[in-house]
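Visitor: Here it is, the structure, as structure tokens.
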Amino acid sequence: MIDLSGRVAIVTGASRGIGRAIASKLAAQGATVVGAARGTNAAATIEAIVAAGGKGEAVTADVSDPAAIDHLIAGTLERHGRIDVLVNNAGITKDQLMLRMKRDDWDAVIATNLTAAFALTQAVLKPMIRQRSGRIICISSVVGQGGNAGQANYAASKAGLIGFAKSVAQEVASRNITVNVVAPGLIETDMTRAITDDARAEWAERIPLKRLGTPDDIAAAVCFLASDEAAYITGQVLAVNGGMYM
């Protein structure tokens with residue numbers, strides 16, 4: 001069994017879906033979880049964690065705002081003394097065909113999905129280097145690997161996370177810090193629940209495992225990469241997609 005007792009994990013986008021499942025799973029394995037999201041949206045996640053006997057706190061942070069990132073990292077270090085795991089999960093979509101995509105929609109997706117991961121990772125590296133240990137996990141997407149019509153901005157941000165993680169992994173490996181990527185396929189979340197039943201069935205038929213994934217499927221992969229069992233794994237992309245993309 002994975003044991004993350006005594007470790008402090010920051011999870012961005014922790015209010016719902018994949019982020020909530022990751023935060024809950026890390027806490028269930030013993031980590032103290034700092035769940036970050038816009039407004040007070042992470043509070044329910046942390047309340048559920050505490051009710052289940054876990055440890056955590058909710059922090060209001062818009063990760064596209066550098067000041068909010070500084071507040072998140074400084075506050076975590078002040079209250080908990082260390083940061084062992086960073087999960088760059090926060091993400092948004094603003095889908096549109098390329099010919100119609102507005103520059104603002106491109107900039108917003110890149111800022112939240114990619115630039116925030118750069119800023120957060122840079123901020124946690126100093127304490128991780130001092131500790132000579134750390135786990136950084138970026139949540140990409142099958143769309144970042146294979147592309148998708150109408151999602152040029154989203155695909156670029158998620159593909160960027162892969163190149164980003166591989167590069168940083170090479171820089172910090174000597175300090176016992178690993179940097180990896182989890183690339184989900186089609187997962188049952190609020191976004192995919194908007195898909196019609198017929199479209200969901202069609203997608204499931206195209207997936208070798210014949211079903212959509214669940215947030216818990218992604219959370220399990222993240223917990224593994226955050227653990228001692230994954231100590232010799234860095235710069236890798238773990239695709240959790242039911243065989244949708246190989």
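The values are calculated or read from the model by the stated rules, or taken from the named source; none is laboratory data. Since we're looking at a predicted model, the values are computed, not measured. Here the Cβ is made from the backbone with ideal geometry for all residues, glycine too, and neighbour counts use every protein chain on show.
Visitor: Given the condition assigned to a helix (DSSP H, G or I), modelled with pLDDT of 95 or more and surrounded by 14 or more Cβ atoms within 10 Å (Cβ to Cβ), answer yes or no: does some residue in the stretch 182-189 qualify?
Guide: Within the stretch 182-189, none of the residues are assigned to a helix (DSSP H, G or I), modelled with pLDDT of 95 or more and surrounded by 14 or more Cβ atoms within 10 Å (Cβ to Cβ).
Visitor: Among 2, 49, which is of a type in the set (Val, Ile, Thr) and in contact with an Asp or Glu (Cβ under 8 Å, 6 or more places away or on another chain)?
Guide: 2
Visitor: Of the numbered conditions (1) modelled with pLDDT of 95 or more; (2) surrounded by fewer than 16 Cβ atoms within 10 Å (Cβ to Cβ); (3) not acidic (Asp, Glu), residue 193 satisfies every one except a single condition; which is it?
Guide: With (1) modelled with pLDDT of 95 or more; (2) surrounded by fewer than 16 Cβ atoms within 10 Å (Cβ to Cβ); (3) not acidic (Asp, Glu) applied to residue 193, the lone miss is (1).
Visitor: OK, next. Take the conditions modelled with pLDDT of 95 or more, out of contact with any His (no Cβ under 8 Å at 6 or more places or on another chain) and either exposed (fewer than 14 other Cβ atoms within 10 Å of the Cβ) or farther than 26 Å from residue 111 by Cα (or both) and apply them to residue 176. Does it pass?
Guide: yes
Visitor: Every residue in the stretch 16-40 that is surrounded by fewer than 23 Cβ atoms within 10 Å (Cβ to Cβ) and within 16 Å of the chain's Cα centre (by Cα), please.
Guide: Passing the criteria: 16, 17, 38.
Visitor: Another question, then. Quick check on my filter: what residues within the stretch 200-246 are in a strand (DSSP E or B) and either among the charged types (D, E, K, R) or touching a Phe, Trp or Tyr at 6+ places or on another chain (Cβ under 9 Å) (or both)?
Guide: 238, 239 - these are the residues of the stretch 200-246 that are in a strand (DSSP E or B) and either among the charged types (D, E, K, R) or touching a Phe, Trp or Tyr at 6+ places or on another chain (Cβ under 9 Å) (or both).
Visitor: Given 131, 145, which one is in contact with a Phe, Trp or Tyr (Cβ under 6 Å, 6 or more places away or on another chain) and either surrounded by fewer than 22 Cβ atoms within 10 Å (Cβ to Cβ) or of a type in the set (S, T, N, Q) (or both)?
Guide: Step by step, each of 131, 145 is checked, and only 145 is in contact with a Phe, Trp or Tyr (Cβ under 6 Å, 6 or more places away or on another chain) and either surrounded by fewer than 22 Cβ atoms within 10 Å (Cβ to Cβ) or of a type in the set (S, T, N, Q) (or both).
Visitor: Look at residue 100 and say whether it is at positive phi, modelled with pLDDT of 95 or more and surrounded by fewer than 17 Cβ atoms within 10 Å (Cβ to Cβ).
Guide: No: the conditions fail for residue 100.
Visitor: Restricting the search to the stretch 223-238, which residues are under 14 Å from the mean Cα position of the chain (by Cα) and closer than 16 Å to residue 169 by Cα?
Guide: 225, 226, 237, 238
Visitor: Okay, moving on. Residues of the stretch 139-150 being under 18 Å from residue 213 (Cβ atoms) and touching a residue at least 40 places away in the same chain (Cβ under 8 Å), which ones?
Guide: 139, 140, 141, 142, 145, 146 - these are the residues of the stretch 139-150 that are under 18 Å from residue 213 (Cβ atoms) and touching a residue at least 40 places away in the same chain (Cβ under 8 Å).
Visitor: Could you tell me which residue of the stretch 38-80 is nearest to residue 15 (Cα to Cα), considering only residues that are part of a loop (DSSP other than H, G, I, E, B) and among the polar types (S, T, N, Q)?
Guide: For the stretch 38-80, the residue satisfying everything is 41.
Visitor: For the stretch 156-171, does any single residue satisfy the condition of being in contact with a Lys or Arg (Cβ under 8 Å, 6 or more places away or on another chain), in contact (Cβ under 8 Å) with a residue 24 or more places away in the chain and not basic (Lys, Arg)?
Guide: Looking for residues that are in contact with a Lys or Arg (Cβ under 8 Å, 6 or more places away or on another chain), in contact (Cβ under 8 Å) with a residue 24 or more places away in the chain and not basic (Lys, Arg), one finds none in the stretch 156-171, hence no.
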